[in-house]
Amino acid sequence: MIKIAKQLEEQATLLSNTFIDDYMPQANGEFVKIYIFLLRALSGVQSGISMEELADRLQCTEKDILRALRYWQKEGLVTITMGPGKVLESITLLELPKKASVIPEEEPEMTGPRSAPVPGKKSGVASSDAAGFSSPDAVKDAQNSEELRQLLFAAEHLLGKPMTPSEVQKILYFHDTLAMSPDLIEFLVEYCVSKNHKSLRYMEKVALSWNEAGITTVAMAREQSSAFKSEYFSVLRFLGITGRSPVKDETAYIDRWLDQYGFDLELIREACSRTILKTGQPSFQYTDRILTDWHAQNVHTLGDIQNADETFRSTKKETAPPKKQPSASSRNRFNNFHQRQYDFQEYEKRLLSGQTVQGENGDT
């Protein structure tokens, strides 16, 4: 007999076979991860968690978590309660109903690709709560479409590697469910790769955001993506602004500084620092006045700024009026009192004659 021992703690999270068989295959992997973590949280001693902590633990955004919870609520696996201001207050995990409708043998009457969406139809639910994959039959149909074959070839060329079956399903999901044209999908891949993001999961997030924003053409996507070039976010950070994208007026300022004035980010950073030191808060208007003055003075480097500062100080010193020297009377600390006037000769005559002497204020 062989003795078997263990040093593992008795800790486990129970995952239902019903979930694995009926719900997991059609769900986005990110949604599955969030659901399993919720089961893990229930099996431990922790009964509550903040949305911020949940996002940090799962390395995703709060919006991704809400999207997953709405998807599982639609599937009947959880219920969520929203408080004032649409703030998530509670999550309740429900018993998993058997989902027999997903078994192919029970759907013989269906014709065509299973679960294939209506071409060209955009669904609000699909854009926010989509499973994130196209059906396996759609992958087979793609092999018979010259347009989709060309799209997959272009995507592999941009990614620099052959795509896995799950990645192919993602691309077809963009085409079938989100109703994105092949040209738009190709631009999506090209755009994400140019940002050093080759993950199809990242591309899905961008595709969903475009879908929610109503972007349907390459021109619209190009305009939207160019509006958020990296220089914009750099300037926002210089002014201490984080956690949001620039608005139209702010991008107009930055475009003028970069394109019209020809300043690099180093000079713009200096102007932003002076803005914060002077005003105590971010101000595009104040920064614009600084940079406009520098442009008028033909300033292009930090050395030019130092020379301009020295010239300004010298000019200010030369044109400043001389300081007024205080008079002897103004230096007297009793100068603020009312100075009384006395006629001492008249007082002397009255004293000698025995008369009472009265000052101008009636004092004796």
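Which of the residues belonging to the range 160-176 are over 15 Å from Leu208 (Cα atoms) and in contact with a Ser or Thr (Cβ under 8 Å, 6 or more places away or on another chain)? Walk me through how you get there before you give the answer.
First, pick out the residues of the range 160-176 that are over 15 Å from Leu208 (Cα atoms): 160-169.
Passing the criteria: only Gln169.
So Asp363 clears everything in (1) modelled with pLDDT of 65 or more; (2) farther than 18 Å from Glu231 by Cβ except one condition, right? Which one?
(1)
Spot the failing condition for Val87; the list is (1) touching a helix residue (DSSP H, G or I) at 6+ places or on another chain (Cβ under 6 Å); (2) more than 28 Å from Gln11 (Cα to Cα); (3) of a type in the set (Val, Ile, Thr); (4) modelled with pLDDT of 60 or more, and only one is missed.
Result: Val87 passes all but (1).
Results for (1) in contact with a Phe, Trp or Tyr (Cβ under 7 Å, 6 or more places away or on another chain); (2) within 30 Å of Asp183 (Cβ to Cβ), shown as yes or no for each residue.
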site	(1), (2)
Gln224	no, yes
Arg237	no, no
Thr275	yes, no
Tyr286	no, no
Leu291	yes, no
Trp294	no, no
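In the range 139-151, is there at least one residue being at pLDDT 85 or above and in a loop (DSSP other than H, G, I, E, B)?
No, because not a single residue in the range 139-151 is at pLDDT 85 or above and in a loop (DSSP other than H, G, I, E, B).
Regarding Thr279, is this residue on the phi < 0 side of the Ramachandran plot and crowded, with 18+ Cβ neighbours inside 10 Å?
Answer is no for this residue.
Kindly check whether there is at least one residue in the range 18-28 that is exposed (fewer than 13 other Cβ atoms within 10 Å of the Cβ) and not basic (Lys, Arg).
yes
List the helices (runs of 4 or more DSSP H) inside the range 179-250, counting only whole elements, that have at least 3 residues being of a type in the set (A, V, I, L, M) and either in contact with a helix residue (DSSP H, G or I) (Cβ under 7 Å, 6 or more places away or on another chain) or modelled with pLDDT of 85 or more (or both). Reasoning before the result, please.
Working: elements: 182-194, 200-212, 218-226, 230-238.
Because the criterion is at least 3 residues that are of a type in the set (A, V, I, L, M) and either in contact with a helix residue (DSSP H, G or I) (Cβ under 7 Å, 6 or more places away or on another chain) or modelled with pLDDT of 85 or more (or both), the helices (runs of 4 or more DSSP H) in the range 179-250 that meet it are 182-194, 200-212, 218-226.
Got at least one residue in the range 48-63 being surrounded by 10 or more Cβ atoms within 10 Å (Cβ to Cβ) and either assigned by TED's automatic domain parsing to the domain that holds Met203 or at pLDDT below 80 (or both)?
Scanning the range 48-63 turns up at least one residue that is surrounded by 10 or more Cβ atoms within 10 Å (Cβ to Cβ) and either assigned by TED's automatic domain parsing to the domain that holds Met203 or at pLDDT below 80 (or both).
Residues that are at pLDDT below 85, outside any helix (DSSP H, G or I), in contact with a strand residue (DSSP E or B) (Cβ under 8 Å, 6 or more places away or on another chain) and not assigned by TED's automatic domain parsing to the domain that holds Ile171: does the range 15-29 have at least one?
no
Answer with yes or no whether Val247 is of a type in the set (A, V, I, L, M, F, W, C) and surrounded by 13 or more Cβ atoms within 10 Å (Cβ to Cβ).
On the way: of a type in the set (A, V, I, L, M, F, W, C): yes; surrounded by 13 or more Cβ atoms within 10 Å (Cβ to Cβ): no.
When the stated conditions are applied, Val247 does not pass them.
Taking the range 268-281 as the region of interest, how many residues are touching a helix residue (DSSP H, G or I) at 6+ places or on another chain (Cβ under 7 Å) and closer than 12 Å to Val235 by Cα?
So the count comes out to 5.
The values are calculated or read from the model by the stated rules, or taken from the named source; none is laboratory data. Fair warning: this is a prediction, and the values are worked out from it, not measured in the lab. Note: ideal-geometry Cβ built from the backbone for every residue, glycine included; neighbour counts use all protein chains shown.
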